[in-house]
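The values are calculated or read from the model by the stated rules, or taken from the named source; none is laboratory data. Computed from a predicted structure; not experimentally measured. Cβ placement follows ideal geometry from the backbone for every residue including glycine, while neighbour counts extend to all protein chains displayed.
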Amino acid sequence: MNEHSNMPPHAPTNAQMREPGYDTRPAFDARLARRLARLTKRVVQALLRLAIGAAGYGARPGALPQRGAARGRVRRILVVRVDLLGDVVLTLPAVRALRRAYPEAAIDLLALKSTAAILAGDPDVTRVLACDPTLLQHPWKLLRGGNRRELKALLRTLREAHYDLALSMCGDVASILTRLAAPHQSFGYAREAYPFLLTDTLPGGRYHTRQHEVSYVLDLAVAAGGVALPEDARPQLYVAPEVAARMRDVLARAREERGVRGPVVAIHVGARNGQAKRWPPAHIAALAERLTRELDALVALTGAPNEAELAAAVVRRCGAPVLNLVGRTTVPELAALLAASDLCVSGDSGPMHIAGAVGTPVVALHGPTDPAQSGPTAPDALVLRRELWCAPCYDPRATAECRFGNPVCMKELAPSLVFAAVRRQLARHGWDAARAKSSRPPVLTTTERVGAD
């Protein structure tokens, strides 16, 4: 179908959409250097795998207790998830399954410093520990005394806990941290761990089987004795009441200042794990302007501090006022903002998963990643994507970058298409479409997932 016929007069032209570093193909020497760097990285990783595996094999006497599902009384459990914000949210179903099986156990979760705050107040997590895994990935950082003290303090905290059970959810470095915690029994996926560091491994790893991340973590939890239920398919995230009240006040003041009576639509402008996941700023500006003009919506932009330039580009191009909160919220405030919003529009990102976990309707924009593996978990979420021969192309060993320097998979999701999806989601969730200023929205396909013609 041809979405361009539905584009409003203010829609950006192809020339306006071009951004250096986003949709301009790198020069040949830059592409060659990138490939050599990737090849070098893989060789180094393979050598590290052999070396660390040999060390793990040598240290295994006395470190390999009973295998299989955890036996005996489990008093303390450690869950290690030291990657992206959305992945931490998607790990919560595994925590619920473990809590169900071990109701009296203390469950600690080790996460990155940048993601740990999203777990604050969660009723099933006893303690949240934060770390910087680059201290293990880049040993030269340990030349600084402060970094050495930080790592020693973390290891002391982990060992003093005397964990009965530990789960290494994702990544080789997580398996190192799990082994250093010295649990009685440890679980992980074979391709997500260095050899001989864990007592029990499941075959395979992330993306080796086409299943959702939630299924991946639940399978691991069940192998460790957890009890999974159908409702675990959708993560649930706790939002502190005081933080929720503060963000509701922020939105209420913004509504009053702008005289807005329509819905609050949060739009996430960036993507931490690769530029190709981003929707073009010109598209975001066109959507924000139309939402403001036709739905009398309050559009709130979200993003990390390093995405402030993207937000500024949206604000410059948008002919309507928006609430720019990019880089101005903490992680708990971001969750509260999304919980207070009527809808969230986002690419494949942490905020997309947060919105689903706090019950906010989602319109998800997928290009290089496969929604069957990393898409929204809410059954009523709308996933928009184009079925192109080159997509999905995401390789979890690297960030999501378009090898052609032109992420058509995201650019082809026209603002008119996303606007129609927003209208549909708002109507589904009780927003009175009669209050909108426009009389007829563009036509969206009758299927939930938009494909190529």
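Collect the residues in segment 191-202 that are more than 23 Å from the chain's Cα centre (by Cα) and at negative phi, keeping them in residue-number order. Scanning segment 191-202 gives Tyr194, Pro195, Leu197, Leu198, Thr199, Asp200, Thr201, Leu202.
Residues in segment 224-236 that are at pLDDT 95 or above and among the hydrophobic types (A, V, I, L, M, F, W, C): Ala224, Val227, Ala228, Leu229. When Ala244, Ala276, Ala254 are checked against the criterion of being over 30 Å from Ala414 (Cβ atoms), in the same structural domain as Ala420 (by TED's automatic domain parsing) and either touching an Asp or Glu at 6+ places or on another chain (Cβ under 6 Å) or surrounded by fewer than 19 Cβ atoms within 10 Å (Cβ to Cβ) (or both), a single residue qualifies: Ala244.
Taken over segment 181-201, the criterion of being among the aliphatic types (A, V, I, L, M), crowded, with 20+ Cβ neighbours inside 10 Å and over 19 Å from Asp87 (Cα atoms) is satisfied by Ala181, Leu197, Leu198. Would you check which residues across segment 83-103 are more than 20 Å from Asp164 (Cα to Cα) and not in a helix (DSSP H, G or I) and list them? Listed by number, the residues that qualify are Asp83, Leu84. Each residue in segment 159-203 was checked for being in contact with a Lys or Arg (Cβ under 6 Å, 6 or more places away or on another chain), more than 11 Å from Leu220 (Cα to Cα) and not hydroxyl-bearing (Ser, Thr, Tyr), and 5 pass. For Thr178, the conditions (1) among the β-branched types (Val, Ile, Thr); (2) surrounded by fewer than 20 Cβ atoms within 10 Å (Cβ to Cβ); (3) in contact with a Ser or Thr (Cβ under 9 Å, 6 or more places away or on another chain) all hold with the exception of (2). Residue count for segment 115-165 satisfying the condition of being surrounded by fewer than 14 Cβ atoms within 10 Å (Cβ to Cβ) and part of a helix (DSSP H, G or I): 14.
What are the residues in segment 177-200 that are assigned to a helix (DSSP H, G or I), in contact with a Gly (Cβ under 9 Å, 6 or more places away or on another chain) and either not polar (S, T, N, Q) or not assigned by TED's automatic domain parsing to the domain that holds Asp108 (or both), if any? Result: Arg179, Ala190, Arg191, Glu192. Only a single item in (1) in contact (Cβ under 8 Å) with a residue 40 or more places away in the chain; (2) farther than 29 Å from Leu417 by Cβ; (3) part of a helix (DSSP H, G or I) is not met by Ala245, and it is number (1).
Please determine whether any residue of segment 217-225 is assigned to a strand (DSSP E or B), assigned by TED's automatic domain parsing to the domain that holds Leu112 and touching a helix residue (DSSP H, G or I) at 6+ places or on another chain (Cβ under 9 Å). Within segment 217-225 (the criterion being assigned to a strand (DSSP E or B), assigned by TED's automatic domain parsing to the domain that holds Leu112 and touching a helix residue (DSSP H, G or I) at 6+ places or on another chain (Cβ under 9 Å)), the answer is no, since none of the residues qualifies. For Arg210, the test of being in the same structural domain as Asp108 (by TED's automatic domain parsing), without any contact (Cβ under 8 Å) to a residue 40 or more places away in the chain and among the basic types (Lys, Arg) is failed.
Residue by residue, here is whether (1) on the phi > 0 side of the Ramachandran plot; (2) surrounded by fewer than 23 Cβ atoms within 10 Å (Cβ to Cβ); (3) in the same structural domain as Phe187 (by TED's automatic domain parsing); (4) at pLDDT below 60 holds:
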residue: Arg35; (1), (2), (3), (4): no, yes, no, no
residue: Arg38; (1), (2), (3), (4): no, yes, no, no
residue: Gly68; (1), (2), (3), (4): yes, yes, yes, yes
residue: Leu84; (1), (2), (3), (4): no, yes, yes, no
